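The values are calculated or read from the model by the stated rules, or taken from the named source; none is laboratory data. A quick note: this is a predicted structure, and the numbers were derived from the prediction, not measured. Positions of Cβ are backbone-derived with ideal geometry, glycine not excepted, and every protein chain shown enters the neighbour counts. Ligands, DNA and RNA are stripped out before the accessible areas are found, and what is left, the full protein with its side chains, is counted by its heavy atoms. Shrake-Rupley method; radii C 1.70, N 1.55, O 1.52, S 1.80 Å.
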Amino acid sequence: MKIKTKKPSKQRKLLYNAPYHVRGKIMAAPLSEELRKEYGCRSLPIRSGDTVRILRGDYKDYEGRVTRVDRKKYRVYVDGVTREKADGTTVPVPIHHSKVEIIKLNIDDKWRKRILERKSLEKTEKAEE
């Protein structure tokens, strides 16, 4: 699904109609400066368990773990980011993936380790050319 277009309406259409597996790649967030130097890549798709810093909005500079990633709505739920409703119940506040920065990666998954190794290899190969 690599259709290149510059028209905003087509870009929006591609976002709304993107299949589930592509939405995961779209939901990438930039890494912090320390992680960029350590792993040699700028951004990675967000997964639950990652620790993120919110960069925009009412919860700016808040750091917490990602509890849920909602690919359908392109939103991330961070532990501790809640709002109280009128009836007194607390609900988690959805945050857009582009408004957060990953500050600690969850590397429990062997697939995530492979992704990081592959990205760092690609970076070194491009530097050698």
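A compact table of results
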| read-out | value |
| --- | --- |
| Cβ-Cβ under 6 Å pairs, at least 6 apart or on other chains, segment 102-129 side within 26 Å of residue 67 (Cα to Cα), far side in a helix (DSSP H, G or I) | 107/113; 116/39 |
| Pair list, Cβ under 8 Å, 6 or more apart: segment 22-42 residue closer than 16 Å to residue 66 by Cα and in contact (Cβ under 8 Å) with a residue 40 or more places away in the chain, other residue open to solvent by 40 Å² or more (accessible area, probe 1.4 Å) and hydroxyl-bearing (Ser, Thr, Tyr) | 28/43; 29/43; 29/98; 30/43; 31/39; 31/43 |
| Options 109, 61: the member that is over 29 Å from residue 123 (Cα atoms) and not basic (Lys, Arg) | 61 |
| Whichever residue in segment 67-88 is part of a strand (DSSP E or B) and acidic (Asp, Glu) and, among such residues, is most open to solvent (accessible area, probe 1.4 Å) | 84 |
| Positions within segment 51-62 being under 16 Å from the mean Cα position of the chain (by Cα) and surrounded by 16 or more Cβ atoms within 10 Å (Cβ to Cβ), in sequence order | 51, 52, 53, 54, 55, 62 |
| Search result, residues across segment 11-21 that are open to solvent by less than 100 Å² (accessible area, probe 1.4 Å) and either without any contact (Cβ under 8 Å) to a residue 40 or more places away in the chain or in contact with a Phe, Trp or Tyr (Cβ under 7 Å, 6 or more places away or on another chain) (or both) | 11, 14, 18, 19 |
| Answer residue from segment 11-50, given it is among the charged types (D, E, K, R) and under 24 Å from residue 73 (Cα atoms) and is farthest from the chain's Cα centre (by Cα) among those | 13 |
| Pair list, Cβ < 7 Å and 6+ apart or interchain, from segment 72-96 residues that are farther than 23 Å from residue 18 by Cβ and acidic (Asp, Glu) to residues that are open to solvent by 40 Å² or more (accessible area, probe 1.4 Å) and assigned to a strand (DSSP E or B) | 79/65; 79/67; 84/90 |
| Subset of segment 83-104 [of a type in the set (A, V, I, L, M, F, W, C) and touching a strand residue (DSSP E or B) at 6+ places or on another chain (Cβ under 9 Å)] | 91, 93, 95, 100, 102, 103 |
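Table: residues versus (1) surrounded by fewer than 17 Cβ atoms within 10 Å (Cβ to Cβ); (2) of a type outside the set (Lys, Arg).
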site	(1), (2)
65	yes, no
95	no, yes
100	no, yes
112	no, no
